Amino acid sequence: RETPQNILVETRGRVGVITLNRPKALNALDEATLREVVAASAAMDADPGTGAIVLTGSEKAFAAGADIKEMAGRGAAEMYLADWFAGWEAFTRVRTPVVGAVAGYALGGGCELAMMCDILLAADTARFGQPEINLGVIPGMGGSQRLARAVGKAKAMDMVLTGRTIDAEEAERAGLVSRVVPAAELLQEALGVAETVAAKSLPSVLAAKEAVNASFETTLAQGVQFERRLFHALFATEDQKEGMAAFAEKRAPRFTHR
Ligand code: CAA
């Protein structure tokens, strides 16, 4: 595989860490960055030694959006034929949980990429927004859909129509992020969350992510049934036997699949 230019990739025990690293463009998500994030996350996903992934950026920017300069001169037919941004769907198909850690700007595609993560932590410096309306366009990496699902119509319309940026506190109040932490502790906190997830039994972790994600795609009755079927299936794992035996014996479980 070619060496990535716009991201840093490392492994810390059972946690894979992807750091967006294109400082001269505030981590703007160009095509090369897309390819690199998708390839790195797919490689981690394929490795059963990786139980969780952390995706982060810099102190100043998680990502300031799609790369405006790369898109500016393109025509509609070209965008359509390339199916511009469709490549990010591969990132949403990663089965391993992804902990997003946002400091600074998460704008446009940056906010949309953050919303593709499963658990989202924000530094107190984080700023979220969908400013595409100021460029004469609209969100194109799922923002109108995921923001509406994450924070509801009122705030989604407010952000998408005015381009208003919200701070970390407002993002937490609205349910966009699960925790706000001091900027200096963001990475440590994200690694801690990822290590916690990675220490569980991997089949149950993958099933849990799959079940929650199904809630966005199905009716309640179908979703509840899907959850129940996954629940039943997990009784085929030795880790279910171990987890429940450990509870009865008042000791920590020693999971095989982790
Ligand atoms: N695309 C390309 N380059 C970008 C960029 C982007 N989204 N965001 C920042 N940059 C570049 C700047 O052009 C600048 O490069 P030069 O030094 O070569 O001029 C460099 O990064 C540093 O940026 P600034 O000088 O602007 O930094 P600042 O601190 O003054 O401002 C900012 C920071 C408010 C985030 C500002 O950079 C900004 O408004 N960026 C654009 C935000 C935006 O509109 N994002 C949406 C993009 S469209 C999109 O994402 C579509 C989609 O739905 C997927």
* How about the stretch 76-165: which helices (runs of 4 or more DSSP H) wholly inside it have at least 2 residues that are farther than 24 Å from Lys209 by Cβ, open to solvent by 70 Å² or more (accessible area, probe 1.4 Å) and free of Cβ contacts under 8 Å to residues at least 40 places away in the same chain? -> 76-82, 143-162
* In the stretch 10-33, what count of residues is obtained for those that are within 16 Å of the ligand (Cβ to nearest atom) and surrounded by fewer than 22 Cβ atoms within 10 Å (Cβ to Cβ)? -> 8
* **Test result for Gly87, on the phi > 0 side of the Ramachandran plot and not hydroxyl-bearing (Ser, Thr, Tyr)** => no
* Report the residue count in the stretch 35-75 for those that are more than 8 Å from the ligand (Cβ to nearest atom) and either open to solvent by 30 Å² or more (accessible area, probe 1.4 Å) or in a loop (DSSP other than H, G, I, E, B) (or both). => 19
* Does Asp124 count as farther than 21 Å from Ala150 by Cα and not hydrophobic (A, V, I, L, M, F, W, C)? -> no
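The values are calculated or read from the model by the stated rules, or taken from the named source; none is laboratory data. All figures in this text were calculated on a predicted structure; none of them were measured in a lab. No Cβ is skipped: glycine too gets one built from the backbone with ideal geometry, and neighbour counts run over all protein chains shown. Heads up: the accessible areas ignore ligands, DNA and RNA and are worked out on the full protein's heavy atoms, side chains in. Shrake-Rupley method; radii C 1.70, N 1.55, O 1.52, S 1.80 Å.
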